[in-house]
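A.B. asks: The structure under discussion is supplied below as structure tokens; questions concerning it will follow.
The values are calculated or read from the model by the stated rules, or taken from the named source; none is laboratory data. Note that the structure is predicted; figures quoted are calculated from it, not measured. Backbone-built Cβ (ideal geometry, glycine too); neighbour counts: all protein chains shown.
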């Protein structure tokens, strides 16, 4: 089928790297079908009263209340508001409303430090000043609003993420401070934060012992990368064995337009070669007993990756043998605007592109979550002008991307249906994985409901004990 903006895409050509959804309509249609195949289950409900007798003829409204798939964005802007005393402001109220209306997960940020020029979420910019309360505020906000918090990042081996005070110590002493950072962060939030970006950007950056010799792109040997990841993985798992730990990196999808990236020895560095090295790292870590729980793709692709190429990349990375996570996806309109597209049309085209990327990701069986990097909460969280962002103040207007993402996540990919139980008290439907409520009436004016969940392992029927003109509803899986 043709997309609403098909002609606009065709006219732009090279400005969008020849991205045209109409040319990939069959790929997108196939992805939509795969979504129905792999993200949904046939559900068989059995309604009985408290005595176990089937209850026929019950008219039931089925409403999904939460998706099992993780959809999120970062909380950089929220952290800034909290730290500057605006926790009770209109900005936070509207940020909370828009975020929770759209997403179900939150990327809670705690850098050891992060480029002193950035007003970012920093843990210990000055020695001895342990400032995890900002991270705690993000986590508590997420949990209060029924969002799943993810922690980012536990460790990042890059100059700007090392506190200045740490650098005056010999490497052996620095390594002890690193262990304390890892253990304290994971231990303090055990049971609250169940997913962490444990290691950030190992494929392009120097190992800790080689930080002084860092040259970008710094392609460390897998041996050197494993040498520091393995103890960090062990420390984290010793503090919280039940949490999931992701290794996260960028530059795995596309080569920058017009760039040729060369290593110091002169060889050409490509996204494809980096994917191969990344997969090899996961296989090596697994062989050495330090298995990661997920492969994180930052996916800073900007514009524009076509659906077929995106799917091929996911297939390659799935060879790592672990679930895939989009961790920091963003897109931009710069090429469109430079090509003469007006701001409103550029925003609409970007929204369509983001929608297509999400569709292909959701359709791939290896992908477990999808996090944006500022597409919903603002432009990368750095802007001081909140009104120019996707949301934040009482005078904001969310972007077309926000509305399209919300439509996908809260309507197209959420199940709402109705049924009437048969003579055996059974009702059947096919729905997306996640949490549900079944609502019915015990009389003409008295509503009632019971909750249940559908997961990937679901088999058999779900037994719902319902009001039979009296008593309380409850559910159990047979």
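A.B. asks: Looking at the structure I just gave you, is residue 473 assigned by TED's automatic domain parsing to the domain that holds residue 58 and modelled with pLDDT under 70?
C.D. replies: Working: assigned by TED's automatic domain parsing to the domain that holds residue 58: yes; modelled with pLDDT under 70: yes.
Here the answer is yes, as residue 473 does meet what is asked.
A.B. asks: Further question on the same structure: So, in the stretch 106-153, of the ones that are under 18 Å from residue 198 (Cβ atoms) and either surrounded by fewer than 20 Cβ atoms within 10 Å (Cβ to Cβ) or not assigned by TED's automatic domain parsing to the domain that holds residue 247 (or both), which residue ends up modelled with the highest pLDDT?
C.D. replies: 148
A.B. asks: Which of the residues that make up the stretch 261-279 are within 19 Å of residue 248 (Cβ to Cβ) and part of a loop (DSSP other than H, G, I, E, B)?
C.D. replies: Listed by number, the list holds a single entry, 269.
A.B. asks: Here's a follow-up. Only one residue in 392, 347 is over 20 Å from residue 68 (Cα atoms), touching a helix residue (DSSP H, G or I) at 6+ places or on another chain (Cβ under 6 Å), in a helix (DSSP H, G or I) and at pLDDT below 90. Which one?
C.D. replies: The unique qualifying residue is 347.
A.B. asks: Additional query: Checking residue 309 against (1) part of a loop (DSSP other than H, G, I, E, B); (2) at pLDDT below 95; (3) surrounded by fewer than 19 Cβ atoms within 10 Å (Cβ to Cβ), which single condition isn't satisfied?
C.D. replies: Condition not satisfied by residue 309: (1).
A.B. asks: Output the number of the condition that residue 272 fails; it satisfies all remaining conditions of (1) buried (at least 19 other Cβ atoms within 10 Å of the Cβ); (2) farther than 22 Å from residue 157 by Cα.
C.D. replies: Here residue 272 meets the rest and fails (1).
A.B. asks: Show the residue pairs meeting these rules: Cβ distance below 8 Å; 6+ apart or different chains; first residue within the stretch 175-187 and in contact (Cβ under 8 Å) with a residue 60 or more places away in the chain; second residue crowded, with 17+ Cβ neighbours inside 10 Å and in a helix (DSSP H, G or I).
C.D. replies: Within 8 Å, the pairs are 185/135.
A.B. asks: Go through (1) over 18 Å from residue 120 (Cβ atoms); (2) surrounded by fewer than 22 Cβ atoms within 10 Å (Cβ to Cβ); (3) in contact (Cβ under 8 Å) with a residue 40 or more places away in the chain; (4) out of contact with any helix residue (DSSP H, G or I) (no Cβ under 8 Å at 6 or more places or on another chain) for residue 195 and report which single condition fails.
C.D. replies: Checking residue 195 against (1) over 18 Å from residue 120 (Cβ atoms); (2) surrounded by fewer than 22 Cβ atoms within 10 Å (Cβ to Cβ); (3) in contact (Cβ under 8 Å) with a residue 40 or more places away in the chain; (4) out of contact with any helix residue (DSSP H, G or I) (no Cβ under 8 Å at 6 or more places or on another chain), the one that fails is (2).
A.B. asks: Which condition number does residue 18 fail, the rest of (1) modelled with pLDDT under 90; (2) over 26 Å from residue 326 (Cα atoms); (3) surrounded by fewer than 18 Cβ atoms within 10 Å (Cβ to Cβ) being met?
C.D. replies: (2)
A.B. asks: I'd like the residue in the stretch 255-290 that is in contact with a strand residue (DSSP E or B) (Cβ under 9 Å, 6 or more places away or on another chain) and modelled with pLDDT of 90 or more and, out of all such residues, is farthest from residue 351 (Cα to Cα).
C.D. replies: Among those residues, the one meeting the criterion is 285.
A.B. asks: Got a number for residues in the stretch 278-292 being without any contact (Cβ under 8 Å) to a residue 60 or more places away in the chain, closer than 14 Å to residue 198 by Cα and either surrounded by 18 or more Cβ atoms within 10 Å (Cβ to Cβ) or not assigned by TED's automatic domain parsing to the domain that holds residue 350 (or both)?
C.D. replies: 2
A.B. asks: Would you check if residue 139 is within 30 Å of residue 277 (Cα to Cα) and either in contact with a helix residue (DSSP H, G or I) (Cβ under 6 Å, 6 or more places away or on another chain) or assigned to a helix (DSSP H, G or I) (or both)? Write out each step before concluding.
C.D. replies: On the way: within 30 Å of residue 277 (Cα to Cα): no; either in contact with a helix residue (DSSP H, G or I) (Cβ under 6 Å, 6 or more places away or on another chain) or assigned to a helix (DSSP H, G or I) (or both): yes.
No.
A.B. asks: Looking at the stretch 209-225, can you tell me whether even one residue there is surrounded by 20 or more Cβ atoms within 10 Å (Cβ to Cβ) and out of contact with any helix residue (DSSP H, G or I) (no Cβ under 9 Å at 6 or more places or on another chain)?
C.D. replies: Within the stretch 209-225 (the criterion being surrounded by 20 or more Cβ atoms within 10 Å (Cβ to Cβ) and out of contact with any helix residue (DSSP H, G or I) (no Cβ under 9 Å at 6 or more places or on another chain)), the answer is no, since none of the residues qualifies.
A.B. asks: Checking residue 449 against (1) at pLDDT 95 or above; (2) out of contact with any helix residue (DSSP H, G or I) (no Cβ under 8 Å at 6 or more places or on another chain), which single condition isn't satisfied?
C.D. replies: (1)
A.B. asks: Could you check how many residues of the stretch 201-235 are assigned to a loop (DSSP other than H, G, I, E, B) and over 28 Å from the mean Cα position of the chain (by Cα)?
C.D. replies: 3
A.B. asks: Find the residue count for the stretch 142-195, including only residues that are assigned to a helix (DSSP H, G or I) and within 30 Å of residue 92 (Cβ to Cβ). First the steps, then the outcome.
C.D. replies: Taking the stretch 142-195 and keeping what is assigned to a helix (DSSP H, G or I), we get 142-144, 159-161, 164-168, 171-188.
So of that shortlist, the ones also within 30 Å of residue 92 (Cβ to Cβ) come out as 142-144, 160-161, 181, 184-188.
Looking only at that region, the number is 11.
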